[in-house]
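Okay, structure first, notes after.
The values are calculated or read from the model by the stated rules, or taken from the named source; none is laboratory data. All of these numbers come straight from a predicted model, not from anything done at the bench. Don't worry about glycine lacking a Cβ; one is built from the backbone with ideal geometry, like all the others, and counts go over all protein chains shown. Please note that ligands, DNA and RNA were not included when accessible areas were found on the heavy atoms of the full protein model with its side chains. Shrake-Rupley method; radii C 1.70, N 1.55, O 1.52, S 1.80 Å.
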Amino acid sequence: MNIKIIIGYVLLLVCLGMTTGCKSTHNPIPQGYSGGTAQIDDTYIKKSTGSAEFFYVGEVDGKYIENAVAATNRASYGQGMRMLAQGATRKVPTQSMKLKLVGQVHHSAPVGYLFNSGENHIVKGEIVFTPIANMLYFVKGTLSTNYSAVWLEDMEGNQVSDAVVLDASKNTNEETVVVALSAGVVNSPKIAKALPEQVDQKTESLPESKNTLYKNPLLKVNEGMSEEALQKYLGTPDRILNHDANFFTSRPEKRELYYKSIGTVVLESRANSNMFVSKVHMVPNNERDGLTEILSTADSVKARHLGQRYFNIGLYDPEALDIMAQKIWQHKHTADGHLLDGISWYCKVIGKSENGRYAKLLNNVVSDKTVPSKLRRHCKSPAKSLQKLAIGNTQQFEPVTL
């Protein structure tokens, strides 16, 4: 490809993405409006540390609105090749409106477009849509060389709007609007109106034996989803952990929402006051009801995998934590590298549980100089934090000597 064409294409994509500071932001809710409202969230899919696929509302009735790409650009400013992907959400009135939907590959730096000149897919177009009061909608899509599309979905994954489609098989570079079926709703089996069969992204169709995350409601939680939408969908979490931002390490404000038996959702806030989903850690089906047995029988490699997984997910069940604590004590002198990794993760899991019941155990491990330094190092910080929580007559866990 001619270098001038490549440079021109790069500049076009950069201009499309770098909207921050170039336009005033429109509020879709008209002044004095007193009718019902709905909510539309942008979504994204991280592809690497420096790029992601974004699906967003760019304009409402021809006027530019805040979107996920603009928020990402602000958050990523000064980070070089590192992208700090962000979400965006907005309230809209329950009346007919024109929405400009965009699906695009976006990079943190212009050089990313050059290095991926054949993969910078973009599809954009205008649809007419009438929201229903109090409903949650999400901009979803698919991007590829042969077929790209963007549309709106509801919380159940149903397509609820026409789709803007760019289909290379039809030998055209023009986006077209694929009209939805009656009532403006295309149910899951008929999603081919927006998605060709070969691009089916639904995991619900897989047999449970081939998909350990089958039926987990977190499958429908998208990166970029707002905290408000998340809690409307999943309800109040069983536990919330808040983590303050750190300016010196560029760590954002974070919140972990723990839902027993299904997993944990991590939300971040960088570019604005809202929290948006950045990661989802799901509990596999085969561990939902039998985790205590799995922990009891786990070999060294399995212990390491379980430790890593439940540090991300979080674990607060005393019976399961007791098993982890017993394993730490039982194997604290192990020479097995995998098992040592596993029980080191167990220390971190117990620390994250914020259960002072295990303060004495971890302190004993840390103070025992015959214990490998790696295990003592990983138990040190959890031991300190739990010591502060072991108030008064907190009953301490007593390991069984085997």
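Within region 245-260, residues that are of a type in the set (D, E, K, R) reach partners that are surrounded by 15 or more Cβ atoms within 10 Å (Cβ to Cβ) and not in a loop (DSSP other than H, G, I, E, B) with beta carbons closer than 6 Å, at six or more positions or on different chains, in the pairs Glu253/Ser269; Lys254/Glu268; Arg255/Leu267; Glu256/Leu241; Glu256/Thr264; Glu256/Val266.
Examine region 293-308 for a residue that is open to solvent by 40 Å² or more (accessible area, probe 1.4 Å), among the basic types (Lys, Arg) and closer than 20 Å to Lys215 by Cα, and state whether such a residue exists. No, region 293-308 has no match at all. Put simply, of Asn246, Asn222 the only residue that is open to solvent by less than 60 Å² (accessible area, probe 1.4 Å) and over 25 Å from Pro284 (Cβ atoms) is Asn246. Considering region 66-110, the residues that are among the β-branched types (Val, Ile, Thr) and open to solvent by less than 10 Å² (accessible area, probe 1.4 Å) include one that is nearest to Leu143 (Cα to Cα), namely Val102. The single residue among Met275, Met282 that is modelled with pLDDT of 85 or more, in contact with a helix residue (DSSP H, G or I) (Cβ under 6 Å, 6 or more places away or on another chain) and open to solvent by 40 Å² or more (accessible area, probe 1.4 Å) turns out to be Met282.
Being assigned to a loop (DSSP other than H, G, I, E, B) and within 30 Å of Ala75 (Cα to Cα), is that true of even one residue in region 314-326? Yes, region 314-326 contains a residue that is assigned to a loop (DSSP other than H, G, I, E, B) and within 30 Å of Ala75 (Cα to Cα). Would you check which residues across region 39-49 are of a type in the set (A, V, I, L, M, F, W, C) and open to solvent by less than 10 Å² (accessible area, probe 1.4 Å) and list them? Scanning region 39-49 gives a single hit, Ile40. Note on region 50-65: residues that are over 17 Å from the mean Cα position of the chain (by Cα) and either crowded, with 20+ Cβ neighbours inside 10 Å or in a strand (DSSP E or B) (or both) amount to 7. Being surrounded by 14 or more Cβ atoms within 10 Å (Cβ to Cβ) and at pLDDT below 90 is the requirement here; does Val14 meet it? It is true that Val14 is surrounded by 14 or more Cβ atoms within 10 Å (Cβ to Cβ) and at pLDDT below 90. Just wondering, is there one or more residues in region 378-387 that are open to solvent by 30 Å² or more (accessible area, probe 1.4 Å), part of a helix (DSSP H, G or I) and touching a residue at least 40 places away in the same chain (Cβ under 8 Å)? Among the residues of region 378-387, not one is open to solvent by 30 Å² or more (accessible area, probe 1.4 Å), part of a helix (DSSP H, G or I) and touching a residue at least 40 places away in the same chain (Cβ under 8 Å), which makes the answer no.
To keep it simple, each residue is scored yes or no on (1) assigned to a helix (DSSP H, G or I); (2) modelled with pLDDT of 95 or more; (3) of a type in the set (Phe, Trp, Tyr).
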position: Trp329; (1), (2), (3): yes, yes, yes
position: Thr334; (1), (2), (3): no, yes, no
position: Ile343; (1), (2), (3): yes, yes, no
position: Thr394; (1), (2), (3): no, no, no
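Within the set Ser96, Ser108, Ser76, Ser48, the sole residue that is touching a strand residue (DSSP E or B) at 6+ places or on another chain (Cβ under 8 Å), hydroxyl-bearing (Ser, Thr, Tyr) and more than 22 Å from Val165 (Cα to Cα) turns out to be Ser108.
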